[in-house]
Amino acid sequence: MTTKKLHHALLFALFVAAPVTASDDRPWMDTALTPDARAALLVAAMTQDEKFQMIRSRFAIGEKKPAEALTAAGYVAPIPRLGIPSQGLVDAGLGVTNPGGAREGDHATAMPSGPATASTWSREVAFQGGETMGREAWRQGFNVLLAGSVNLQRDPRNGRNFEYAGEDPLLAGTLVGDSIRGVQSQHVLSTMKHYALNDMETHRNFHSAQIGDRAMHESDLLAFRIALEIGAPGSVMCSYNRINGVYGCEHDELLNNVLKRDWQYPGYVMSDWGGVHSASKAALAGLDQQSAGEVFDKAVYFDRPLRMAVDAGVVPQARLDDMAHRILRSLIAVGAFEHPPQRRPPDAELDAAGFAVAQRTAEEGAVLLRNAGDLLPLGTEVRRIAVIGGHADRGVIAGGGSSMVGWTSRGPNAVPGVKPTTWPGPVMFQPSSPLQALREAAPQARIDYVDGTDRAAAARLALEADVAIVFATQWSAESVDLPDMRLPDGQDALVEAVAAANPRTAVVLQTNGPVELPWAERVPAILQAWYPGIRGGEAIARLLTGAANPSGRLPVTWPVDVSQLPRPHVPGLGFNPPQKPEDTIDYDIEGANVGYRWFAAKGLTPRYAFGHGLSYTRFALSDLTVHADGERLTARFEVRNTGARAGAAVPQLYVHLPEGHATPLRLAGWDKLELQPGESRQVEVALAPRLFADYDPRTRGWRIPAGRYRIALGQSATDTVDTATLELPGRTLD
Ligand code: BGC
C-alpha cells in the first residue's frame, strides 16, 4: 500500500468506520433518547460552520471529488469532534451503482426494473429488494441510498418509467414504501423521489407540471404519502421540474405545507442534482440540503448566499438549525451513528443471496400477457428451438442513467458499444444470457440462435424449429423520453417475419413499459420481462419452460397505441426532436384519472388491462362479501386453483365510486397467494379507506362521502367476476 493510500485508509477508518459511544460530553450518543432529542442536543453543540457543512453535499465523481470520499453521487464530510458520521450518497433504486467503474470490493446486485418489482404485487419481494440494496450499499461504505422512486406512470413514453412502480397510487406507494423499509433495515438511509410530478423527462429542468390541487393529492401525492407512511424514508428528494409554475425545490406549498406540516414529515428534503435555483427562497420553502451544487447548480446557494441571508435575518437562524436537525435525526433514526458502513470484501454467499432476490423478483415480476393455445410452457416434446434477437446470446438489457448498475460480480456490460455509449448511455446488457439459461433448462432441445439483423435468416431458422422465440428490446434512459410507443430497429418486422414462418412463435419483451404490439394477434405467446436484472436470463428460461409459473400482473395499463393516451402528441420527445418541447405539461387532462381510471372514464379498451397477467394454471374467485366494522373495511372471498399446476393468484378489489363521481374506479386492495392444484382458500383483504375518500383542498383533508360503494373483485381492472355493495356513512380521514 502506498503512503497516500495508507493515509486514506486511516482517515477512513477514523472518520467513517468507528462507531461512537455515549459519554458525558456526548449526551446525544445515548440511544435511549429519541432521534429528535439526540439531534436537538447535537445541534445545540454545533458551530455555525458545522451546520453549514451538513446542509450541502459535494459531488464525489470527477475532479472535484473530495479526496477521502468514495466515488459516488454525493458526500458530506464527517464531524469527528461530535461523532457525526460522513454521509456517502449513492444511486439508486435498482441496485448500488458503480459510477467510477469496477473497483475492488464492489458487489452490487443489478435488480430488475421498478415495474418488474411492482408487477410482483408482493410486499415481501419489494422489501427483500430494498434489504438487498441497503446491505450492499452499507458493505460498500455508503449510508444514504438515492432510492425510493415513486413517480406515477402517466405516459408510457416517459424515459424513466423503468425506475418507477407503475400508475396506481396504492400499489406503487405500498411497494415502494416496503422497498424503502428494506433499505433502511440495513442502517442505510433511503430517499423517496422525485417529489413531485416529475412524470416526464423532456425539458425536465424547466417544464411546469400543471395540475389542480385535488387531482394532485388523489394521484401522485397519494403515492408519495403511502410510501412515506410505510417506509418512513429519511429524506425526500425534490424534483427538477416546476409544479404549477414553482420549482420543486422551492415549493413552499409542497415542501412546507403538504410534506412537513400536513403529513408531519420529520426528515429532510434534499435537492435533485441541479435542482436548486435560490438560497433564501429554497431554504424558506423547505429545502434542507443542496446536492452537489458546486457542479450542477449556478451557485452553491447553501453556502455563501445562505450565510448572508441568515446573517441578514432573511432566513431565521431557527430555520438553519431545523435543516441540520432534520438531517441528523434521520441519520440517527436509521442507526447511521451506531452502525457506520464498512467497506467489506465481496462475500460469495451474500452475493448469491442478492442474486437470488433479483431472480425471484424477475420470476414473480414477469407478466405472461398472452398464451393462446397454451404454447407455453415449452414441454420436453419440444426438440428444436430458434432463439432470435435481443442479444439473447449474451445478456438482458437495462435502462440508462444514474440508476444503472454498470458492473456486478458477473462482470461488466455483456454487449459493449451499442449506441449511445455516452450519457445517458451506455446501453447496458447485464451478463445473464437467456440463450445459455434456456440450453440448461431444456437439455433435450437443440437450440440455435441468430441475432435477427437478417430477417430472412431468422425466418429460415424459425421454419426449421418446433418453436421460435423472439427477444425484443427497447432501451430507455433518464433525461430523455421515448419518441413513441414503438419497438425500435425494425423489430416489429422481425417478429412478423418469424411469426409468418412459424406460427408457434413466442415473444419475450424487455422494455421500459408498454409498447405497440401490432402483431399481437399473430403471435400466440407474449411474455413481458421488463428489464429483468442480473438473473434475468435464468428467470426467463425458468418461466418459458414452466419451472416457474408466471404470476406477474401489470402495474400499468397497456394502451394499444398513443392515440389512447391523455396526450397523444407531446412535442419534443426523444433524441433530436423535430419540435421544441413545451414549457408546460397539462396533467389536468386526466387529473387523478391516471391509467386504468382514464381508460374507464373514456370508455377505452386497452391492449391489456391494469392488473392483467396469465398463469399456467387458472383461478376462480367467488363468494365476495364486504364489511364495514367501524373504520375497518374488509372484503372476504374464496380463491380456487382450478388448473393442474401450483401457481400464485393475485385477486384485486376495485371500488366503484358512487354515480356522478369523476373517478370511475380505484384499486383499494389485493392479495397474492400460492395455491396447489385444486386448492381453495378463504381470503380476507383490508380495503384502504383513503381510496374511498376524496381530497378536499379547502379543508386539506380527506372525506368519504356517504353513499353506496360497489366493490368489484377481479383478476384485472376490467375483468370483474363478483361484486358487492357497501353502504357507508360520511366521515373524514387524516
Ligand atoms: C437524478 C436522481 C439521482 C441524482 C444523483 C439526478 O439526475 O434525477 O434520481 O439520484 O441525479 O445521481
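Placing one identical point scatterer on every Cα of region 543-683 and ignoring solvent, what is log10 I(q)/I(0) from the Debye formula at q = 0.12, 0.20 Å⁻¹? Cα-only, vacuum Debye calculation for region 543-683: -0.69, -1.22. Each Lys and Arg Cβ is given +1 and each Asp and Glu Cβ -1; about its Cα centre, the chain then shows a dipole of about 560 debye. All other residues whose Cβ lies under 14 angstrom from that of Ala147 are scored, Lys and Arg at +1 and Asp and Glu at -1, for a net of -2.
Inter-part distance, region 700-724 to region 542-558, computed on C-alpha centroids, equals 26 Å. Per residue, the convex hull around the alpha carbon atoms of region 226-289 comes to 82 Å³.
Just the number, please: Stokes-Einstein D of region 88-155 in µm²/s, Kirkwood Rh from C-alpha pairs, 4 °C, 1.567 mPa s. Present the calculation step by step, with values, prior to reporting the outcome.
Working: Rh = 12.7 Å.
My calculation gives 102 µm²/s for D.
Restricting the calculation to alpha carbons of region 454-605 gives Rg and Dmax of 17.7, 54 angstrom. Each of Phe619, Phe429 was scored by other Cβ atoms within 10 Å of its Cβ. Listed from fewest to most, they are Phe619, Phe429. Remark on region 3-333: Rg and Dmax equal 18.9, 61 Å (Cα only). Given the rule -39500 (n - 2.57) for each run of at least 4 DSSP H residues, summed and divided by the residues of the chain, what is its mean residue ellipticity at 222 nm, to the nearest 500 deg cm²/dmol? Dividing the helical sum by the residues of the chain leaves -7500 deg cm²/dmol. Using alpha carbons only, the radius of gyration of region 243-374 set against its Kirkwood radius gives Rg/Rh = 1.17.
Taking 15 Å as the straight-line reach from the Cα of Lys64, the aspartates and glutamates in range (excluding those fewer than 8 positions away in the same chain) are Glu294, Asp297. Straight-distance candidates among the lysines for linking to Lys419, with alpha-carbon spacing under 27 Å and chain neighbours fewer than 8 residues away dropped: Lys580. Look at where the Cα atoms of region 189-213 and of region 349-381 average out, and the two centres are 33 Å apart. For region 114-263, the pair-distance distribution built from all alpha carbon pairs, in bins 5 Å wide starting at 0, is 2, 11, 20, 23, 20, 14, 8, 2, 0 percent. Taking the square roots of five times each eigenvalue of the Cα gyration tensor of region 619-732, the equivalent ellipsoid has semi-axes of 30, 13, 12 Å, listed largest first.
Can you sort Met216, Met270 so the residue with the fewest Cβ neighbours within 10 Å comes first? Working shown, then result.
Values: Met216 24, Met270 29.
The fewest-first ordering by Cβ neighbours comes to Met216, Met270.
Within the same chain, lysines fewer than 8 places from Lys281 are excluded, and of the rest, those with a Cα less than 19 Å from its Cα are Lys51, Lys260, Lys298.
Calculation over all alpha carbon pairs of the chain in 10 angstrom steps from 0 returns a P(r) of 3, 15, 25, 26, 19, 10, 3, 0, 0 percent.
With angles folded into 0 to 90 degrees, how steeply does helix 35-45 sit against the dominant principal axis of the chain? Use alpha carbons for both and round to 10. It is inclined by approximately 30 degrees.
If contacts are Cα pairs under 8 angstrom and at least 6 residues apart, what is the relative contact order of the chain in percent? Before the final figure, lay out each step's value.
Numbers: 1898 pairs, mean separation 97.6, N = 734.
Across the chain, relative contact order equals 13 percent.
Applying 0.36 nm per residue to the separation of Gln342 and Ile61 and subtracting their alpha-carbon distance, the gain on full extension is 99.2 nm.
No value in this document is a laboratory result; all are computed from the given coordinates. Computed from a predicted structure; not experimentally measured. Note that we place each Cβ from the backbone using ideal geometry, even for glycine, and neighbour counts take in every protein chain shown.
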